[in-house]
Amino acid sequence: MDEQKILETFGFNFKMYRTKLKLSQDDIINKTGFSQSYISNVENGKHNLSLINALKLSDAVGKNIESMLKEIE
């Protein structure tokens with residue numbers, strides 16, 4: 001799988017789940033301690049995040065890593 005596509009898929013899914021839960025980026029910042037620019041870059045597929053950070057973000061929206069990497073059809 002293309003690395004950029006993985007980052008974009010994770011970011012898209014993260015933002016989708018975050019907005020479905022009516023969580024703002026500030027809510028995620030409070031849950032994870034990440035900066036606003038970090039969250040924004042993840043959502044836009046511009047940051048190659050570590051596995052630990054991916055787990056923290058997935059947990060913040062109540063999903064597992066598999067859900068975050070599933071392509072939306």
Subject >> For Gly45, distant residues with modelled amide H under 5 Å away >> reply: Gly11
**OP:** Over the chain, calculate the relative contact order: mean separation of alpha carbon pairs under 8 Å at least 6 apart, over the residue count, as a percent.
**Re:** 45 percent
**OP:** Rounded to whole Å and sorted largest first, list the principal axis extents of the Cα atoms in region 1-42.
**Re:** 32, 21, 12
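Give me the Kirkwood hydrodynamic radius of the chain in Å, from all C-alpha pairs, to one decimal place?
On the way: mean 1/r = 0.0840 Å⁻¹.
About 11.9 Å, per the Kirkwood formula over Cα pairs.
Order these peptides, 8-16, 31-39, 48-56, by their mean beta-carbon neighbour count within 10 angstrom, highest first. Write out the running numbers ahead of the final one.
Details: 8-16: 19.0, 31-39: 14.6, 48-56: 13.0.
The packing order, highest mean first, is 8-16, 31-39, 48-56.
Roughly how big is the chain's charge dipole about its Cα centre, with Cβ charges of +1 (Lys, Arg) and -1 (Asp, Glu), in debye to the nearest 20?
My answer is approximately 260 debye.
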**OP:** Just give me a number: lysine pairs in region 3-63, eight or more positions apart or cross-chain, with C-alpha atoms less than 13 Å apart.
**Re:** 4
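Computed from the coordinates by the stated procedures, all read-outs in this text should not be read as laboratory data. Note that this is a predicted model, so its numbers are computed, not measured. Quick reminder, even Gly has a Cβ in these numbers, built from the backbone with ideal geometry, and neighbours come from all protein chains shown.
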